[in-house]
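J.: Below is a structure I'd like to ask you about.
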Amino acid sequence: MNEIEAKIKETERELEQETHNLARLKNRKTYYESGERQKRAHHLITRGAAVESLAPSVKEMSEVEFYELAEKIFALPEVKNLIATEVE
């Protein structure tokens, strides 16, 4: 009987360790995913700030007006060519 009880305790200890390891891995995954979101948010914020510094009047526009303007700007052939050149 002692042998069985010892085996049960050992198995329970192993289960507790694995549960802890799983929780640690989930936390690490959340941390890395959160870090990627934070990097993306920072990237978008700095790009938006750059646009506002180059064209301060866009601060007065609504979101819809700003997107309409952006669509018009990025549809211009000159802008398309500039982007293609810079990406290369």
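J.: Answer yes if at least one residue in region 78-85 is modelled with pLDDT of 95 or more and surrounded by fewer than 10 Cβ atoms within 10 Å (Cβ to Cβ), and no otherwise.
T.: The answer is yes; a qualifying residue exists.
J.: Please determine whether any residue of region 47-55 is touching a Lys or Arg at 6+ places or on another chain (Cβ under 8 Å) and either in a helix (DSSP H, G or I) or in contact (Cβ under 8 Å) with a residue 24 or more places away in the chain (or both).
T.: Of the residues in region 47-55, the ones touching a Lys or Arg at 6+ places or on another chain (Cβ under 8 Å) are 52.
Add one more test, that the residue is either in a helix (DSSP H, G or I) or in contact (Cβ under 8 Å) with a residue 24 or more places away in the chain (or both), and what stays is 52.
Taking every residue of region 47-55 in turn, at least one turns out to be touching a Lys or Arg at 6+ places or on another chain (Cβ under 8 Å) and either in a helix (DSSP H, G or I) or in contact (Cβ under 8 Å) with a residue 24 or more places away in the chain (or both).
J.: Based on what the data block shows, is Glu16 under 20 Å from the mean Cα position of the chain (by Cα), assigned to a helix (DSSP H, G or I) and of a type outside the set (S, T, N, Q)?
T.: Numbers: under 20 Å from the mean Cα position of the chain (by Cα): no; assigned to a helix (DSSP H, G or I): yes; of a type outside the set (S, T, N, Q): yes.
Answer is no for this residue.
J.: If I filter region 12-28 for residues that are in contact with a helix residue (DSSP H, G or I) (Cβ under 8 Å, 6 or more places away or on another chain) and among the acidic types (Asp, Glu), do I get at least one hit?
T.: No; the residues of region 12-28 include none that is in contact with a helix residue (DSSP H, G or I) (Cβ under 8 Å, 6 or more places away or on another chain) and among the acidic types (Asp, Glu).
J.: Checking the condition without any contact (Cβ under 8 Å) to a residue 12 or more places away in the chain, assigned to a helix (DSSP H, G or I), under 21 Å from the mean Cα position of the chain (by Cα) and not assigned by TED's automatic domain parsing to the domain that holds Phe66, which residue from Thr11, Thr30 passes?
T.: On inspection, the qualifying residue turns out to be Thr30.
The values are calculated or read from the model by the stated rules, or taken from the named source; none is laboratory data. As the structure is a prediction and not an experimental result, all values here were calculated from the model. Because the Cβ atoms are built from the backbone with ideal geometry, glycine has one as well, and the counts that use them run over all protein chains shown.
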